1. Within segment 163-175, can one find any residue that is open to solvent by 10 Å² or more (accessible area, probe 1.4 Å), at pLDDT 90 or above and outside any loop (DSSP other than H, G, I, E, B)?
2. Quick check on my filter: what residues within segment 170-192 are more than 13 Å from the chain's Cα centre (by Cα), in contact (Cβ under 8 Å) with a residue 60 or more places away in the chain and over 14 Å from G151 (Cβ atoms)?
3. Do we have any residue at all in segment 133-153 that's within 30 Å of E57 (Cα to Cα), open to solvent by 20 Å² or more (accessible area, probe 1.4 Å) and either in a loop (DSSP other than H, G, I, E, B) or out of contact with any helix residue (DSSP H, G or I) (no Cβ under 7 Å at 6 or more places or on another chain) (or both)?
4. How many residues does segment 207-216 hold that are in contact with a helix residue (DSSP H, G or I) (Cβ under 6 Å, 6 or more places away or on another chain) and either under 15 Å from F169 (Cα atoms) or open to solvent by 10 Å² or more (accessible area, probe 1.4 Å) (or both)?
5. Name the residue, out of A178, A246, that is under 21 Å from L49 (Cβ atoms), surrounded by fewer than 19 Cβ atoms within 10 Å (Cβ to Cβ) and aliphatic (A, V, I, L, M).
6. Take the residues in segment 204-249 that are in a strand (DSSP E or B) and touching a Leu at 6+ places or on another chain (Cβ under 8 Å); name whichever of them is farthest from D30 (Cα to Cα).
Amino acid sequence: MLKLKHIDKYYNIGTINEMCLFQDFNFTVDDGEFVSVIGSNGSGKTTMLNLICGNTEPDGGQILVGDEDITKKKDYIRHREIGRVFQDPAMGTCPDMTILENMSIADNKGKIFNLSRGINKKRIDFYRKQLSQLGLGLEDKMDVRVGALSGGQRQAMALLMATLTPLKFLILDEHTAALDPKTADIIMKLTDKIVREKHLTTIMVTHNLRYAMEYGNRIVMMHQGKVVLDASGEEKTNKDINDILALFNEISIECGN
């Protein structure tokens with residue numbers, strides 16, 4: 001279980017541009033949940049992910065995984081148990097290295113580096129098997145540089161690499177936003193397959209309302225650092241996308257958009 005308890009987060013403290021994004025913010029994700037998070041720009045979605053991953057620190061409150069307080073844990077320590085896929089495929093892969101080299105790096109996540117060879121040849125068949133599950137033919141391109149792949153192929157690689165080692169959480173940060181609609185659909189189907197097969201607790205930030213409704217068992221809408229909608233299970237299933245869109249539009253009108 002992941003808990004954000006009484007989180008405060010300010011920006012530009014002590015200046016005329018000081019802004020409070022989170023004040024006494026509380027959010028819980030149960031083990032095995034797939035949570036889709038939506039909301040307008042500036043609502044706090046990405047900041048929440050950064051707080052969870054350790055890329056930014058709260059000004060108050062706690063972040064708990066089970067009974068363990070990870071609020072002060074460094075990001076590289078957290079990333080041993082958290083996989084994150086970004087909007088830009090380049091942030092999850094090494095473009096100047098081959099598919100094989102990228103897979104080897106992902107396979108060694110959290111392990112101690114030493115003077116042994118970077119690529120374990122005994123693992124090549126394992127990498128091929130993992131790549132073949134993507135259905136993109138990448139298992140036959142092990143010596144191709146990742147930078148030569150299409151955006152969709154690279155994002156599929158990033159997703160696979162992020163989940164190659166055992167994880168507690170998968171964080172998806174608008175991971176289909178930079179893709180064309182057809183490729184985005186392919187990546188979402190791959191995402192759903194991996195999440196189900198590996199039983200991953202997942203938080204997905206997306207601007208695509210259809211994906212938010214179609215995937216996962218819980219939908220959350222954020223606005224100005226607060227949760228304004230939280231529906232799971234049957235309640236989420238009974239929600240209509242037009243209801244979600246109406247609430248989103250209502251908030252936008254209130255904000256003067």
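The values are calculated or read from the model by the stated rules, or taken from the named source; none is laboratory data. Everything quoted here is computed from the prediction, not taken from an experiment. Positions of Cβ are backbone-derived with ideal geometry, glycine not excepted, and every protein chain shown enters the neighbour counts. Surface areas here come from the heavy atoms of the whole protein model, side chains and all, with no ligands, DNA or RNA. Shrake-Rupley method; radii C 1.70, N 1.55, O 1.52, S 1.80 Å.
1. Yes.
2. none
3. no
4. Matching residues across segment 207-216 total 3.
5. Matching residue, one of A178, A246: A178.
6. V228
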